[in-house]
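*Asks:* I have a structure I would like to understand better, so I am pasting it below and will then ask my questions one at a time.
The values are calculated or read from the model by the stated rules, or taken from the named source; none is laboratory data. Remember, predicted model here, so these are calculated numbers, not experimental data. So basically every Cβ, Gly included, is an ideal-geometry build from the backbone, and we count neighbours across all protein chains shown. Quick note on the areas: whole protein, heavy atoms, side chains included, nothing else; ligands and nucleic acids left out. Shrake-Rupley method; radii C 1.70, N 1.55, O 1.52, S 1.80 Å.
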Amino acid sequence: MQLRENLVTDTGWEIREESFNEELLINNGSNYMTGNGYLGYRGTFPEWRKAQYVGCIVSDTYDNADGKWEELVNAPNGQYASFAVNGSELSALSGTVSKYSRRLDFRYGRHHRHMRWTDGGDAQAVIEDDRFASYGNIHLIVSRHRLTAESAGTVSVSVGIDGEVWSLHGEHFSSYTPSADGDDVYMKTVTGERGTEVVVSNRMVLDTAAEPVSRDLVSEERRILRKLEFRLDEGDEIGFELYTVIYTSNDVSDPGAACARDLAQAHEKGYDALWDEHTRVWDGIWDRSRVDIVGDERARTLARYNIYQNVIATPAHTDHLPIGARGLSCQAYQGAAFWDQEIFNLPMFVYTQPEVARRMLVYRYKTLDGARRKAARLGFYGAFYAWVSGDTGDEICPSYFFQDVLTGRDIRNHFNDWQIHISPDIAYAVWSYYLATGDWEFLRDYGAEILFEVAQFLVARVYFKRDKHRYEFVRLLGPDEYHENVDNNTFTAVQARYALRAAVDAYVMLGEHASQQREALSDKLGVERSHVDEWRRMVELIYVKEPDPATGVIEQFDGFFEHEDITPSELAGRLIDPGEYWGWPNGIAVPTQVSKQADVCQIFTLHPNDYDWTVMKANYEYYEPRTQHGSSLSPSVYGTVASWIGYTERAREYFVKSCSVDLFNTNKSVSGGTFIGGIHTAACGAAWQMVVFGFAGFELDGSTLRFRPDLPPQWDSVSFFLEIRGALLDVEVTREGVTVSSRAVSRAPVWVAVGDPDTADALELKPHSSVSVER
């Protein structure tokens, strides 16, 4: 690990490195990536190949190459460009590199590299290149390259498409077909499992006074390159622009024709015009997604960087694809949705770009059949959502995810059949979206069906204990994934109760405002009034563990307090091999109270008004020392709770820890023999929540925006945007109070209060006005 304090620049909009470190190839390939929700291009250099983990992950390309992992494909590299000076290949990995700098401008998603190179002899040059994945046309990647000769000689340029790329779990393409048409080169590939056609194309446009002395087209099985040779004197330059377009047969019926059209349009517009289109889209995104922290430049940059990664991981262009747990940074976690999508990624969009949040929830509606198939396969009815969900919603989480490094045997994990909280988590997101947006059409046309089917699944999955007169959920796996096969996990029970209550409320609302649609939906699902009565009964009788009257601590699951009480650092001393998996069935954490990640404290972040601050504090103090934080999801939860209970400095430390999981390479890339590297998109989404929900203390209480801020001492103020039920709001939180301004285009008033509900009066805020409330 290399933690460089100068990684963050004083602009607040970029990260950089001033020296090249080959050991960081995998990490920096993710950290410096560009993307647009349709594709993600890793932060690698143009001359690199498979061994350097080059990757262009394309959404909607799910394919299974090895019979186990259904994942997105890594498309052929349409941005390949290399130089040779006097026969020596120019690369950051060879020769001597000086005056090196690399930066990622995440205000606009542009990767830039500059370096001086020499082979130790008479070959020396300076190269500079930049690249962005366009938001003006999400199928387009644009780059600009320049070489300046520092010695006279021959310079060869090879530009084209390289099919030799990094793939985690085998070869996904059954065929490669290179071709050329005028100025354009193409690589047509077909996936082996589904037969999806993926076409990568590019066009090179020279921008140089030097004339090539030769031009060749080299076509191999998996590469097609244009090779040009120049004779240069010292000080001469070669420049070119490279346009890459990617389409698949899931996008259009004729991907090749679409590529040809877009290449011609890109060439006609040129780099500068394409850049202007791209930046205008980003300006609109940042207008809503911005978080401005004054007084702490590092925190400001970390917040923005993580928001950038959350944005480019999200397929905002469609409503049938998920946000992957590693986004489009690599193939880890299969480009698929976990509960991360609803609990960590989505809240930022709910309050800043609700139309994007809506699409992500419509994705869950469109994958209901997959959730129904999973429920039926396991003997239930209703919707049991996949723990790992791709494009169809069918479960693609392997039953054997990790390997016992001591025996070499596969470990049977039950993420895919015991971690049932995924369904109520989605129901929670559906109802939270409705409360924040008032989007009645969504609830009527999509949300209600999700809520009803989740409720039916919970009825099918629960057990009624007649002797105790209560409902219990048994054989579970909660957020703490080290402890499987547990009973009455409190988080699961709380989420289930919320989901059932939401289903009842939606049923009543449909009856009042859309009775015909409710009747049609009830007929479709076979939901009768007796079923709804059962939902109501379950809401009242679900067993949810209460805080201990003496200590205030809530038991994570039945028997948790009987496990060995030991800290994670002490427990680590029992490892025989550092690569051991700590969890079920034989891991070192199983018989102990060491948790992988936040579990009980996760409840508070989703239901902050269900428990008072003393209970939150008691549980924070109990569970925090016993949590390993083996998941990137965990620090943000503890940071948010810490900010609420007055541990502001600890909260800030957790904020930095969560936001730097990727930048400072603090999380392991391999666990139990499985690669799990790449961008941790849940932590990225949580950055916004830690600022807005945590330090600013924002919550939506009906139609009232309530703030209970507690800023770290290093922060002078924080400002951000919110959209609440048609009101577009700019918020500034300072040590003195909170100012909320409603934009002129707002369609409705809201109410603003600062402090506790029992003591703070709410002030009405009308469109095109502002209110300031002292703390």
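*Asks:* Using a Förster distance of 41 angstrom, determine the FRET efficiency expected from the C-beta separation of GLU519 and SER253, and round it to 0.05.
*Replies:* For R0 = 41 Å, the calculated efficiency reads 0.55.
*Asks:* Sort GLU764, GLU211 from largest to smallest accessible area, using a 1.4 Å probe on the heavy atoms of the protein chains.
*Replies:* Values: GLU764 85, GLU211 135 Å².
Greatest to least solvent exposure: GLU211, GLU764.
*Asks:* Can I ask one more? Which whole-number percentage describes the relative contact order of the range 297-338, with Cα contacts under 8 Å and a sequence gap of 6 or more?
*Replies:* 26 percent
*Asks:* Give me the number: length gained by fully extending ASP730 to ARG775, i.e. 0.36 nm times residue separation minus the C-alpha to C-alpha distance, one decimal in nm.
*Replies:* 14.4 nm
*Asks:* Ignoring ligands, DNA and RNA, please state the percent of accessible area on the range 1-100 from carbon and sulfur, probe 1.4 Å.
*Replies:* Within the range 1-100, the accessible surface is 44 percent carbon and sulfur.
*Asks:* Moving on. Mind listing the phi-derived Karplus ³J(HN,Hα) values for the range 76-93, rounded to whole Hz, using 6.51, -1.76 and 1.60 with θ = phi - 60°, and x for any glycine or proline?
*Replies:* Ordered by residue, 3J(HN,Hα) equals x, 7, x, 10, 6, 7, 9, 10, 10, 10, 6, x, 9, 5, 8, 7, 5, 9 Hz.
*Asks:* Over the chain, average the accessible area per residue using a 1.4 Å probe and give it in Å², no decimals.
*Replies:* On a per-residue basis, 35 Å².
*Asks:* What figure in square angstrom, to the nearest 10, would you give for the accessible area of ARG280 with a 1.4 Å probe?
*Replies:* For ARG280, solvent-accessible area is about 150 Å².
*Asks:* Under a Cβ-Cβ cut-off of 13 Å, what is the net charge of the residues other than SER249 that fall near it, where Lys and Arg count +1 and Asp and Glu count -1?
*Replies:* Net charge in that neighbourhood comes out at -3.
*Asks:* Can you tell me the relative contact order of the chain? Whole percent, Cα pairs under 8 Å, sequence separation 6 or more.
*Replies:* 11 percent
*Asks:* Follow-up. Normalised by the residues of the range 265-413, what does the relative contact order come to in percent, with Cα pairs under 8 Å and at least six apart?
*Replies:* 15 percent
*Asks:* Quick one: how many Å² of LYS50 are accessible to a 1.4 Å probe, rounded to 10?
*Replies:* LYS50 has an accessible surface of roughly 100 Å² with all protein chains in place.
*Asks:* Then there is this: Can you give me the convex hull volume of the Cα atoms of the chain, divided per residue and expressed in Å³?
*Replies:* Taking only Cα atoms, the chain has a hull volume of 168 Å³ per residue.
*Asks:* To continue, here is another question. Just need log10 I(q)/I(0) for the range 686-738 at q = 0.17, 0.19, 0.28, 0.32 Å⁻¹, Debye formula, equal scatterers on the alpha-carbon atoms, no solvent, rounded to two decimals.
*Replies:* One equal scatterer on each Cα of the range 686-738 leads to -0.50, -0.62, -1.24, -1.45.
*Asks:* Compute the distance in nm between two label points, each set 7 Å from the Cα along the Cα-to-Cβ direction, one at ASP10 and one at ALA460.
*Replies:* Distance between label points: 6.2 nm.
*Asks:* Something else now. Under a crude label model (7 Å from the Cα following the beta-carbon direction), how far is GLU562 from THR154 in nanometres?
*Replies:* Using points 7 Å along Cα→Cβ, the separation is 7.9 nm.
*Asks:* Quick one: ranking SER658, SER19 by accessible area, 1.4 Å probe, largest first, what do you get?
*Replies:* SER19, SER658
*Asks:* Less than 9 Å Cβ to Cβ from PHE45, Lys/Arg counted +1 and Asp/Glu -1: what total charge do the surrounding residues give?
*Replies:* On the way: positive: ARG102, ARG113; negative: GLU47, ASP129.
Here the count lands on 0.
*Asks:* Sorting MET360, MET509 by accessible area (1.4 Å probe), largest first, what list results?
*Replies:* On the way: MET360 0, MET509 35 Å².
Correct descending sequence by accessible area is MET509, MET360.
*Asks:* Further question: What nm distance separates the two modelled labels at GLU540 and VAL745, each placed 7 Å from Cα along Cα→Cβ?
*Replies:* Taking the simple label geometry, GLU540 and VAL745 are separated by 4.8 nm.
*Asks:* Looking only at Cα atoms, what is the convex hull volume of the range 93-142 per residue, in Å³?
*Replies:* Taking only Cα atoms, the range 93-142 has a hull volume of 83 Å³ per residue.
*Asks:* Rounded to the nearest whole Å³, what is the per residue volume of the convex hull around the Cα atoms of the range 335-399?
*Replies:* Normalising the Cα hull of the range 335-399 by residue number yields 83 Å³.
*Asks:* Now a separate question. Can you tell me which lysines have their Cα less than 28 Å from the Cα of LYS465? Leave out same-chain residues fewer than eight positions away.
*Replies:* Output for LYS465: LYS374, LYS545.
*Asks:* Considering only the other residues whose Cβ falls under 12 Å of the Cβ of PRO713, what net charge follows from Lys and Arg at +1 and Asp and Glu at -1? Kindly include the intermediate steps, with their values, before the conclusion.
*Replies:* On the way: positive: ARG652, ARG735; negative: ASP296, GLU649, ASP710, ASP716.
So the surrounding residues net to -2.
*Asks:* Tell me, what ³J(HN,Hα) does each residue in the range 321-329 have, in order and in whole Hz, if you take phi through Karplus 6.51 cos²θ - 1.76 cosθ + 1.60 with θ = phi - 60° and put x for Gly and Pro?
*Replies:* 10, x, 8, x, 5, 10, x, 10, 7
*Asks:* Just to compare against my own numbers: the Cα pair-distance distribution for the range 102-170, 5 Å bins, whole % per bin, please.
*Replies:* P(r) over the range 102-170, rounded to whole percents: 3, 12, 17, 17, 18, 16, 10, 5, 1, 0.
*Asks:* Rg and Dmax in Å for the range 539-582, alpha carbons only: what are they?
*Replies:* 15.9, 47
*Asks:* Which entries of LYS227/LYS269; LYS68/LYS596; LYS366/LYS766; LYS99/LYS227 have Cα-Cα distances beyond 31 Å here?
*Replies:* Violating the 31 Å limit, Cα to Cα: LYS366/LYS766.
*Asks:* Right, another one. Under a no-solvent Debye model with one identical scatterer per Cα of the range 1-118, what's log10 I(q)/I(0) at q = 0.14, 0.15, 0.17, 0.23 Å⁻¹?
*Replies:* Here log10 of I(q) over I(0) equals -0.68, -0.77, -0.94, -1.41.
*Asks:* Give the accessible area for SER703 in Å² (nearest 10); use a 1.4 Å probe, count only protein heavy atoms, and leave out ligands, DNA and RNA.
*Replies:* 60 Å²
*Asks:* On C-alpha positions alone, give me the angle between the axis of helix 613-623 and the longest principal axis of the chain, in degrees, nearest 10.
*Replies:* In the chain, helix 613-623 runs at an angle near 60 degrees to the longest axis.
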